[in-house]
Amino acid sequence: MIPSGSLVTASLAGRAGEVKGLLELAVAAVLLSPRSAPVAAIALIVLLVAMCPANVRAALAGLTMGAKSASPLRPRTAIQVAFLVAAATAI
């Protein structure tokens, strides 16, 4: 899912799903604190928007991650929009 010509190394590209998951968990943990929730919500919005091109590319190209194929574009986009709206409510 990492575009060619990216500054990301091959070893990191192979672990992109793990890195993305860890970032999402870290932001979710920070969202639990009322004091830091607005900052975490903004970070989550930035993260989701930054990952959007890779998600679209994966869906349209039919890429696989291990043995799993990428989910179709419409459900993936709907879920991402729902997460963006939920994050925006925490600001």
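The values are calculated or read from the model by the stated rules, or taken from the named source; none is laboratory data. Predicted model only: the values in this text are computed from it and were never measured. All Cβ positions, glycine included, derive from the backbone under ideal geometry; neighbour counts span all protein chains shown.
Of note:
- Yes/no for Val27 being within 12 Å of the chain's Cα centre (by Cα), assigned to a helix (DSSP H, G or I) and surrounded by fewer than 16 Cβ atoms within 10 Å (Cβ to Cβ): no
- For segment 45-74, filtered to residues that are of a type outside the set (Val, Ile, Thr), in a helix (DSSP H, G or I) and out of contact with any helix residue (DSSP H, G or I) (no Cβ under 9 Å at 6 or more places or on another chain), the residue that is nearest to Glu24 (Cα to Cα) is Ala50.
- Checking Val39 against (1) assigned to a helix (DSSP H, G or I); (2) at pLDDT 80 or above; (3) within 16 Å of the chain's Cα centre (by Cα), the condition it does not meet: (3)
- Set Ala54, Ala90, Ala70: member being at pLDDT below 90, in contact with a Gly (Cβ under 8 Å, 6 or more places away or on another chain) and surrounded by 13 or more Cβ atoms within 10 Å (Cβ to Cβ): Ala70
- None of Thr77, Thr64 is out of contact with any Ser or Thr (no Cβ under 7 Å at 6 or more places or on another chain), surrounded by 12 or more Cβ atoms within 10 Å (Cβ to Cβ) and of a type in the set (S, T, N, Q) except Thr77.
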